[in-house]
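Read the structure below first, then the notes.
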Amino acid sequence: MNKKTRHLLLLLLTAVIWGFAFTAQSFGGGAMGAYSFNTLRYVIGFLVLQPVILKLSGSLRPDKNTLLGGIFCGICLGVASSLQQVGILLTTPGKAGFLTAFYMVLVAVFGFFLKKKTDKTTWIAVILGVAGLWLICIPKGENLTVSRGDLLCILCAVFFAVHILVIDHFIVKADAVKMAAIQFLTAAAVSGICWLFSGETLTLSMVKEGLLPLLYVGLLSTGAAYTLQIVGQEGVEPAIASLIMSLESVFSLLGEAIFMGLSVTGREFLGCVIMFAAILVTQLPDLLPVLRKGK
């Protein structure tokens, strides 16, 4: 297995963990406030990486590039997740999911202006991805009107797109795991500031009620998945990385079916098929030479 394939699989695993996290967040976020839940999840993510960093490098001290990368990534992540949590409360979950995942389009657009590698197959895949997300997230007959909640989700997508591009910029000269840890600490600070000004309350009984979802989101969705994202993005074009990670919508649908007993409609299944087709399209430039050689 070559290096690029390993990184693509890491990003796919990230999408799986994030997808199942939607179910955990729905339970945990219902037990606690949005900002307090976010703050705690990022604190857990930061703490769980400390022994990993000591094992890998023997020191917790980051270099300048790792520190700067972690801070900038953390600001983007903290702002994006805060906007997302508030936006979800003011719009429908389907619209919020579609508008948030729109970051994959923004990454391709931003990457084009920043002269990142974005070929024709990537643009085709992005178009397919948008179509697939529409079928998955927007119920038949529902109009995509723009409300305050929708605008917050669009802003959230902007920050998630910038987050991916910031990772792409710093990862070539930073320690991935240390950068992830600093990112979580910064995101916790951003969420904590939002919590402070929001007036949310948090009690021990609320923490106990949402403990299992919080541990899943803190340990796996935050500590593991965001670290896998940073490691996986190395050597993968930002537009393709964002498209693979947008498969979280597919796995969130699967998670709802497994853990919440919700059935998958034919429309949603078609959307999933189109999303996987979009991923295959991104790999055509690498697959075609191999297939031709096989002939």
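The values are calculated or read from the model by the stated rules, or taken from the named source; none is laboratory data. Predicted model, so just to flag it, every value in this text is computed and none were measured. Each accessible area value is taken on the protein alone, full model and side chains, heavy atoms only, with ligands, DNA and RNA left out. Shrake-Rupley method; radii C 1.70, N 1.55, O 1.52, S 1.80 Å.
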Per the Debye formula with a single identical scatterer at each Cα and no solvent contribution, what log10 I(q)/I(0) holds for the chain at q = 0.07, 0.16 Å⁻¹?
-> -0.25, -1.36
Ordering R41, R267 by the accessible surface of their heavy atoms, 1.4 Å probe, largest first, yields R267, R41
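List the pairs from K55/K208; K4/K178; K120/K178; K3/K95; K95/K178 whose alpha-carbon separation is above 25 Å, in the order I gave them.
Distance filter (> 25 Å) returns K55/K208; K120/K178; K3/K95; K95/K178.
Within the range 147-224, what whole-number % of the accessible surface is contributed by carbon and sulfur, with the 1.4 Å probe and all protein chains included in the calculation?
75
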Provide D168, D150, D63, D175 ordered by accessible surface of protein heavy atoms (probe 1.4 Å), highest first.
-> D63, D175, D168, D150
Could you work out which residue, out of Q183, Q50, Q84, moves most in a Gaussian network model of the chain, that is, has the largest mean-square fluctuation with Cα springs under 10 Å?
-> Q50
Where the eigenvalues come from the Cα gyration tensor of the range 109-250, what are the semi-axes √(5λ) of the equivalent ellipsoid, largest first, in whole Å?
-> 29, 23, 15
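With a 1.4 Å probe and all protein chains left in place, how much accessible area per residue does the chain have, in Å²?
Here the per-residue accessible area is 48 Å².
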Ordering I75, I274 by the accessible surface of their heavy atoms, 1.4 Å probe, largest first, yields I75, I274
